[in-house]
Amino acid sequence: MKKRGILNKELNTLLASLGHTDTIVIADCGLPIPNENARIDLSLVKGVPPFLSVLDAVVDELEIEAIVLAEEIKDQNPDLYESIRARMGGVPVQFVPHEQFKVMTKQAKAVIRTGEATPYANIILRSGVNFS
């Protein structure tokens with residue numbers, strides 16, 4: 001049995017399969033997920049697991065070179081936006097309208113669905129490389 005880190009088999013498999021510039025989405029429970037995308041559904045009940053708990057677990061294991069957020073998050077969910085900024089440090093951020101964000105999810109290798117039930121609690125993570 002693993003001693004630490006992500007325990008979910010599907011999520012571990014996804015993260016281990018990512019290459020440079022591949023993208024994944026961490027989504028709230030309301031984001032429409034295209035049928036063609038792999039879906040890792042972690043949601044249990046409304047609010048569980050929360051978006052930030054899933055983001056923290058993924059950030060601990062994935063080299064991230066850039067992120068995409070819906071521009072609406074700044075006004076509609078400013079506390080979450082500030083929490084994301086604090087976790088992402090100097091990682092470049094691209095803001096797009098929410099409708100464009102939904103279109104961009106179609107390019108992701110997978111969408112990880114959380115139980116989060118606050119507006120615009122979605123992020124696209126672009127995998128980097130950890131070459132030193």
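Here are some notes:
- Span-rule helices in the chain, defined as complete DSSP H runs reaching 27 Å or more along the axis (Cα) with Kyte mean at least 1.6: none
- Added length on full extension, which subtracts the Cα-Cα distance from 0.36 nm per residue, residue 41 to residue 76: 10.2 nm
- Placing +1 on the Cβ of every Lys and Arg and -1 on the Cβ of every Asp and Glu, with no other charges, gives the chain a dipole of roughly 420 debye about its Cα centre.
- Beta bridges per DSSP, both residues in the chain: antiparallel share near 45 percent.
- The chain: C-alpha gyration tensor shape, a/c 1.5 cut-off, then a/b vs b/c: rounded
- Applying 0.36 nm per residue to the separation of residue 4 and residue 20 and subtracting their alpha-carbon distance, the gain on full extension is 3.3 nm.
- FRET efficiency for the residue 53 to residue 131 pair, using the beta carbon distance and R₀ = 22 Å, is estimated at 0.15.
FYI, it's all coordinate maths here, none of it is from the lab. Quick caveat: nothing in here was measured; it's all calculated off a predicted structure. Glycine gets a Cβ as well: all are built from the backbone with ideal geometry, and neighbour counts include every protein chain shown.
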